[in-house]
Amino acid sequence: MSADFNIIELIMNASMAVKLVMLLLVIASVTSWWIIFAKWMVLKSASSSSKKFEETFWSGVDLNRLYDTLMKRKKKATGMEQIFESGFREFLRTRKSSKSGVKATESADRAMRIALNREIDSLESHLPFLATIGSISPYVGLLGTVIGIMISFHALANVTQATIALVAPGISEALIATAMGLFAAIPAVIFYNNFSNKVERLYTQYDIFKEEFSTILHRQVGS
C-alpha cells in the first residue's frame, strides 16, 4: 500500500512539464484500450458471422431464397453476407437488364470486390492509431524523463554541495514518465499485431468466398 502511495506522491511532486507528458500518455493509453476492446468485439463478431454464413451458404440453400432472406432483414449485412448480397444483387440486376450472363458475372465480380475492400477497410479502422501509440509512446515517455532530469540538475545550480539525495527524488519522478510510456506502448503493439493478423485471416476468408461464389455464378450462366 505504501508503494502505491509513493508512486502517486512521485507523480504529484513531478514538475508541470513532466505532468503534462504523463497526462498525454494517460490519454493515449485510455484511448488505445477503448479501441482495443471495441475492435476485439468487432473482429469477434465478424469471425463468428462469417462462419455462420458459410455454414448456411454451403448447406445447399437456394441462392434466391438466401438473398431474399438477407434483404428482408432490418439489420444491415456485413462481412461475408455483404459480399454475397452485393454480388448477387448486381448479378440479378445486370442479367435482367442486359440478358447477358457474361456481363452479369463480371458486374458481380466488381461489386463483390468493392464490397470486400470496404469491409476490410472498416475492419482496419483505428488500427493505425494503435500502431502510432505503440511507436511513439516510449519516446514521449523518454522526453518526459529527459525534461525531469534536466530540471533536477538545473535545481543544483543554487546548491553549494550536490549530493545524490538532492537529485534522486527528481530523477525518480522523471523515470515514472518512461514507465508510463512503456505501459501505453506495450498493449498497443501486442493488440495491433494480433488484430492485424485477424484482419488478414478474414480478408483471406472473404476473398476465397468471393472467388468460390463467382465460380458458382459462372457455372449457372454456362449451364
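The values are calculated or read from the model by the stated rules, or taken from the named source; none is laboratory data. Computed from a predicted structure; not experimentally measured. Methodologically, a virtual Cβ is constructed for each residue, glycine included, from the backbone with ideal geometry; neighbour enumeration extends over all protein chains shown.
Points to keep in mind about this one:
- Matching residues, the range 71-105, being of a type in the set (D, E, K, R) and not in a loop (DSSP other than H, G, I, E, B): 72, 81, 85, 89, 90, 93, 95, 96, 103
- Residue match in the range 62-74 (condition: basic (Lys, Arg), on the phi < 0 side of the Ramachandran plot and surrounded by 14 or more Cβ atoms within 10 Å (Cβ to Cβ)): no
- Look at the range 188-202: where a residue is closer than 16 Å to residue 116 by Cα and a partner is surrounded by 13 or more Cβ atoms within 10 Å (Cβ to Cβ) and charged (D, E, K, R), sitting 6+ places away or on another chain with Cβ atoms under 7 Å, you get 199/124.
- Positions within the range 23-48 being loosely packed, with under 12 Cβ neighbours inside 10 Å and within 19 Å of residue 204 (Cα to Cα), in sequence order: 44, 48
- Criterion violated by residue 204 - all others in (1) within 23 Å of residue 45 (Cα to Cα); (2) surrounded by fewer than 16 Cβ atoms within 10 Å (Cβ to Cβ); (3) in contact with a helix residue (DSSP H, G or I) (Cβ under 9 Å, 6 or more places away or on another chain) satisfied: (3)
- Flag if residue 195 is modelled with pLDDT of 95 or more, closer than 26 Å to residue 122 by Cβ and outside any loop (DSSP other than H, G, I, E, B): yes
- Which numbered condition residue 173 fails, given (1) within 16 Å of residue 26 (Cα to Cα); (2) modelled with pLDDT of 80 or more: (2)
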